[in-house]
Amino acid sequence: MSHLRFMTAGESHGAALTAILDGIPAGLPIAREAINAQLARRQHGYGRGGRMKIETDRVEVLSGLRFGETLGSPITLQVINRDFVNWTERMDPLGTPTGPKVTAVRPGHADLAGVLKYDRQDARDILERSSARETTMRVAVGAVCRQLLAAVGVTVTSHVTEIGGVTVDRTVIRDEDVGVTNSSDLNCCDPAAETRIKACIDKAKAAGDTLGGIFEIIVRGLPVGLGSHTQWDRRLDGRLAGAVMSIQAIKGVEIGAGFACAHVPGSQVHDELFMGENGCPCRKTNRAGGLEGGMTNGETLVVRAVMKPIPTLMAPLRTVDIAAGEEVSASKERSDTCAVPAASVVGEAMVSFILADAICTQFHADAMTDLTASFAAYRARLESRWMNR
């Protein structure tokens with residue numbers, strides 16, 4: 001059973017976005033600016049749209065903290081939508097409907113499936129909640145979880161590896177570069193590739209089109225044995241894949257070598273084990289991406305995700321008008337040309353949540369003092385196994 005849980009609420013152009021995070025032990029110091037720093041990262045990125053010039057996301061903590069420390073009770077986080085002043089009449093929770101309805105549903109979005117499922121006549125009733133603006137609160141929740149992970153020596157970083165078919169040169173990126181040399185524009189560690197990617201984004205923007213891409217999440221400092229092989233829903237690889245796949249526009253997730261495993265024999269897939277100089281088993285490769293049998297194996301965790309191009313195009317695709325019952329051009333609103341760098345930040349947040357939950361589940365404690373002590377004792381037991389040979 002999971003120990004942590006969270007829920008978000010709010011619409012893209014509503015008054016505010018809110019999240020409630022439950023299960024964080026008492027005594028964890030939380031820096032609000034650390035949360036705001038992650039929110040700012042989500043808003044940045046080459047190819048973002050005009051909405052990012054309006055909103056400056058800042059978190060308000062409404063419960064669960066006192067004097068900068070968690071209390072063990074649910075943490076309520078909120079971000080005010082500054083743009084709501086321009087949408088009050090259209091988004092008033094208790095007002096009278098005004099303005100035109102959105103009936104030209106967008107291909108690739110939740111619009112059509114949503115209006116049919118929930119029996120709505122206006123796709124805005126669907127698109128406001130299905131919007132990736134919701135990820136603001138995922139990032140806020142992830143920023144809290146990231147601070148818990150830091151308390152036990154775990155770090156979560158990411159980098160963009162491909163946008164619009166332009167890929168980075170992995171031979172110029174060292175593992176230690178990720179999270180250190182990343183650019184602020186594209187969260188990329190290859191300057192030459194970044195220049196080509198920016199040109200690709202500019203070309204797509206001029207054509208009224210959008211671009212997707214791939215990002216990679218790197219987690220360092222995890223001990224052996226988080227997760228479990230004993231039940232399907234306790235396997236950490238499945239939980240990580242589900243969490244990252246739940247991010248809007250993500251269409252594929254892989255761990256380690258991932259889909260490349262289908263093209264080579266097992267001798268080129270599995271990581272051989274050797275005895276290290278310290279007397280502990282070690283690996284010289286990490287094709288498994290830090291997970292074996294649903295459990296962490298002590299190597300760096302590597303999770304990769306594919307994001308499709310955003311479905312709101314300035315040069316709209318063909319669709320149907322659900323009110324008129326005829327073919328039209330899809331509706332369009334202010335949107336991004338590319339949001340892969342932002343998605344990588346959301347990916348970090350979701351991975352941070354899953355890993356914080358795995359730690360809180362395995363080393364269950366109501367206070368951080370007990371959790372860190374239990375975590376340290378577990379690490380010591382693992383180390384002593386080989387020292388006592």
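The values are calculated or read from the model by the stated rules, or taken from the named source; none is laboratory data. On a predicted model such as this, the values are computed, not experimentally measured, just so you know. Cβ coordinates were reconstructed from backbone atoms using ideal geometry, including for glycine residues, and neighbour counts include every protein chain displayed. Surface accessibility is based on the protein's heavy atoms, side chains included, excluding ligands, DNA and RNA. Shrake-Rupley method; radii C 1.70, N 1.55, O 1.52, S 1.80 Å.
When GLY225 is tested against (1) touching a residue at least 12 places away in the same chain (Cβ under 8 Å); (2) under 13 Å from the mean Cα position of the chain (by Cα), exactly one condition is not met: (2). Scanning region 165-183 finds no residues that are in a strand (DSSP E or B) and over 30 Å from LYS284 (Cα atoms). Filtering region 290-340 to residues that are at pLDDT 95 or above, more than 23 Å from ARG120 (Cα to Cα), open to solvent by 20 Å² or more (accessible area, probe 1.4 Å) and in a loop (DSSP other than H, G, I, E, B) leaves GLY293, GLY298, GLU299, THR300, LYS308, PRO309.
When THR88, THR76 are checked against the criterion of being at pLDDT below 95 and either of a type in the set (Phe, Trp, Tyr) or closer than 26 Å to ILE20 by Cβ (or both), a single residue qualifies: THR88. Of everything in region 129-154 that is outside any helix (DSSP H, G or I) and of a type outside the set (Val, Ile, Thr), the residue that is surrounded by the fewest Cβ atoms within 10 Å (Cβ to Cβ) is GLY153. Can you find a residue in region 189-210 that is touching a helix residue (DSSP H, G or I) at 6+ places or on another chain (Cβ under 7 Å), under 30 Å from MET137 (Cα atoms) and part of a strand (DSSP E or B)? No, that holds for no residue. Scanning region 100-114 for residues that are open to solvent by less than 60 Å² (accessible area, probe 1.4 Å) and assigned to a loop (DSSP other than H, G, I, E, B) gives VAL102, THR103, VAL105, ARG106, PRO107, GLY108, HIS109, ALA110. Could you list all residues from region 174-211 that are of a type in the set (Gly, Ala, Ser), surrounded by 14 or more Cβ atoms within 10 Å (Cβ to Cβ) and closer than 26 Å to THR300 by Cα? Those that are of a type in the set (Gly, Ala, Ser), surrounded by 14 or more Cβ atoms within 10 Å (Cβ to Cβ) and closer than 26 Å to THR300 by Cα: GLY179, SER183, ALA193.
For ALA356, the conditions (1) open to solvent by 10 Å² or more (accessible area, probe 1.4 Å); (2) touching a Cys at 6+ places or on another chain (Cβ under 7 Å) all hold with the exception of (1).
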